[in-house]
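Peer 1: Quick one: this structure, given as structure tokens, is what I'll be asking you about.
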Amino acid sequence: MSSQGAGTQTAPHEPVFVGQTRARLEHLFTRYPTKQACLLPALWMVQEARGWISEPAIGEVADVLGLTPAYVKGVVTFYTMYHTHPVGRHFIQVCTTSPCNICGAEAVVQALLAESGCGELGATSSDGRFTVSEVECLGACGFATPIMVDDDFIESVTPDKVSGILERYP
Amino acid sequence: MGFPHPSHPKETVVLSQYFGDAEARGFDGWVARGGYEGLRKALSLTPEAIIDEVKASGLRGRGGAGFPTGLKWSFMPKGDGKPHYLVCNADESEPGTFKDREIMRWTPHALLEGCAIAAYAIGAERCYIYIRGEFTEPLKIMAGAVEEANAKGALGGNAFGSGKRIEMLIHRGAGAYICGEETAMMNSIEGKRGNPRIKPPFPAVAGLFGMPTTINNVETLAAVPHILVRGADWYKGLCRGNPKSTGTKLISICGHVQRPGNYEVTMGTPLKEILYDMAGGPPAGREFKAVIPGGSSVPIMTIAEAEDALFDYEGIVAKGSMLGSAGMIVMDDSTDMVYQIWRLAKFYAHESCAQCTQCREGTAWTTKILERILSGKGRQEDFELLLDLSENMTGKTICVLSDSCAAPVVSGIQKFRDEFEAYIQGSRQPALAAG
């Protein structure tokens, strides 16, 4: 059975690597001795443009770098920061590894899930605004609990600060 | 200095002197504070003379392994005609460690200067700075600093008019702890999954893109300009009687302390002074119970062991653990050790690249067995099972991720066995729902 069942309308893939983005990629080619080495940066460019990395986008990246889609997919799925499915308008990462855990990170997760309307980890709120993801060490252990909302790094988050933080992300 | 706290009189401030000083971030501000003198001096010396100076200083790798830096540089071939590479490891992801982040945020040019000196010393024209993907602010600051240093002629095709090409390229990671392992990092830069490589060949022989490569940690490289300017003897003198551990070390302290943050001390400082004087001791009404002194990958120390230890490579080993990255996780008497050891095991299970069976299966099963104990279904045999698993995870894999998972388990059972027993015997309420 096809994973794209009947009735699923999939918009055709608009190429990412055109115009300025293509020029940025071409510039990257001069910074590495192989095109393959541009894979991580190219995937970042796709995610910047589209918010996530779809199968057709994987195909496009493979094509521009001379790799196979299977190879690119293997790399995409290795790294946790690449999204292989659509996420909310604002993507929230919260650290719960031991140093933050002993300082109350799990309560921050609960507050984020409740206040964002996501309900559970990995789910997107019904208004499409947030997705909350529990992540391993964000490298700011002295400022427990650090969270990231999109590219913003926010330190020393406690459950009572959560609603104020979320308000900044309409 | 004790960023984000005021400097403590017992600190020795070298690398952290300008933490919090926004003017030090820019090229001109950095030069006004004596910046780039080390690089200028280096460019007037031969690579061999620089390597000798760094060797004489006693500088050892600050990322965790503690390998002598000058010696590492001397492994790079000479006159081989191949491109050489320097890789700066800014993937800081070891739980408990957050020092490289401050170096990049506050003194980006100190790092660039150190990279440039190292690149020249090992015959590399190109340095890749691999920054973890989550460090959005350091990424931005470092990218700006590279641009500025190029524009000022300090780096690029003709560094300070020396005729030497020193290019800095920033490579953003994408969320994988294992990429902090040097061979995994090289694979990641090459556009591959971050699987560690079998050694040999060592990176100095066949590293990034198959070429001779040296990988150094941010803090290691940031110390190099100081050694060039003030001399190896000065650096060597920054210790307390142990000539094998010299210089200053940034310590990240987190967990249950009054003043978490970064502190900079000379090697050999009593750990007790760090815990109580600098970090301010435990929260009110609490007592310390345990310390993981070198990032989560090293054995757990009881507070008695920690209070007795001198903070340097040998001093921590003498008390049963390792200095590692000096990311210090401090736990007070409110801590459920079994729960936290489980949380660490879960970290390693998540971060295993899954190449080696011992690691892929071992980290996952360790996590599951600890989960069973925490859910009140533990058995007496689980002690033996966990220790047997850990034995099979130690020294048997391509990299040390699986050893790192075993370290807190083995030391935890050894030192806090009564807490495991309490769950197994039912005298403690389950912390997790039965799965």
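Peer 1: Mind telling me which of the residues B:Glu92, B:Glu53, B:Glu11 ends up being farther than 27 Å from B:Ala149 by Cα, buried (at least 19 other Cβ atoms within 10 Å of the Cβ) and among the acidic types (Asp, Glu)?
Peer 2: B:Glu11
Peer 1: In segment B:14-38, which residues are surrounded by fewer than 17 Cβ atoms within 10 Å (Cβ to Cβ) and of a type in the set (Val, Ile, Thr)?
Peer 2: Residue satisfying the conditions is B:Val31 alone.
Peer 1: What are the pairs with Cβ atoms under 6 angstrom where one residue, in segment B:114-137, is facing chain A (nearest Cβ under 9 Å) and the other, located anywhere, is of a type in the set (Phe, Trp, Tyr)? Sequence gap at least six, or different chains.
Peer 2: B:Arg126/B:Tyr85; B:Thr136/A:Phe153; B:Glu137/A:Phe153
Peer 1: Then there's this: Spot the failing condition for A:Leu113; the list is (1) away from chain B (no Cβ under 14 Å); (2) touching a residue at least 40 places away in the same chain (Cβ under 8 Å); (3) buried (at least 20 other Cβ atoms within 10 Å of the Cβ); (4) not charged (D, E, K, R), and only one is missed.
Peer 2: Condition not satisfied by A:Leu113: (2).
Peer 1: Picking from B:Glu147, B:Glu102, which residue would you name as being among the acidic types (Asp, Glu), within 18 Å of B:Pro225 (Cα to Cα), assigned to a helix (DSSP H, G or I) and in the same structural domain as B:Ala176 (by TED's automatic domain parsing)?
Peer 2: On inspection, the qualifying residue turns out to be B:Glu102.
Peer 1: Within segment A:77-108, how many residues are part of a helix (DSSP H, G or I) and more than 9 Å from chain B (Cβ to nearest Cβ)?
Peer 2: Number satisfying all stated conditions: 4.
Peer 1: Here is a list: B:Gly61, B:Gly79. Which entry is surrounded by fewer than 24 Cβ atoms within 10 Å (Cβ to Cβ) and touching a strand residue (DSSP E or B) at 6+ places or on another chain (Cβ under 7 Å)?
Peer 2: None of the others qualify; the one that does is B:Gly61.
Peer 1: Output the residue which, of all residues in segment B:138-181 that are under 17 Å from the mean Cα position of the chain (by Cα) and not hydroxyl-bearing (Ser, Thr, Tyr), is farthest from the other protein chains (Cβ to nearest Cβ).
Peer 2: Only one residue tops the list, namely B:Glu181.
Peer 1: Restricting the search to segment A:92-110, which residues are closer than 18 Å to A:Thr131 by Cβ and either among the hydroxyl-bearing types (Ser, Thr, Tyr) or surrounded by fewer than 21 Cβ atoms within 10 Å (Cβ to Cβ) (or both)?
Peer 2: Matches in segment A:92-110: A:Thr96, A:Gln110.
Peer 1: Can you confirm whether A:Leu121 is more than 17 Å from the chain's Cα centre (by Cα) and without any contact (Cβ under 8 Å) to a residue 40 or more places away in the chain?
Peer 2: No; evaluated as a whole, the condition is false for this residue.
Peer 1: Considering every residue within segment B:261-276, establish whether at least one is within 14 Å of chain A (Cβ to nearest Cβ), within 20 Å of B:Met301 (Cβ to Cβ) and in a loop (DSSP other than H, G, I, E, B).
Peer 2: Scanning segment B:261-276, I find no residue that is within 14 Å of chain A (Cβ to nearest Cβ), within 20 Å of B:Met301 (Cβ to Cβ) and in a loop (DSSP other than H, G, I, E, B), so the answer is no.
Peer 1: Output the number of the condition that B:Arg360 fails; it satisfies all remaining conditions of (1) without any contact (Cβ under 8 Å) to a residue 40 or more places away in the chain; (2) crowded, with 24+ Cβ neighbours inside 10 Å; (3) within 14 Å of chain A (Cβ to nearest Cβ); (4) of a type outside the set (Asp, Glu).
Peer 2: That leaves (2) as the condition not met.
The values are calculated or read from the model by the stated rules, or taken from the named source; none is laboratory data. The model shown is predicted, which means the values in this text are computed figures rather than measured ones. So basically every Cβ, Gly included, is an ideal-geometry build from the backbone, and we count neighbours across all protein chains shown.
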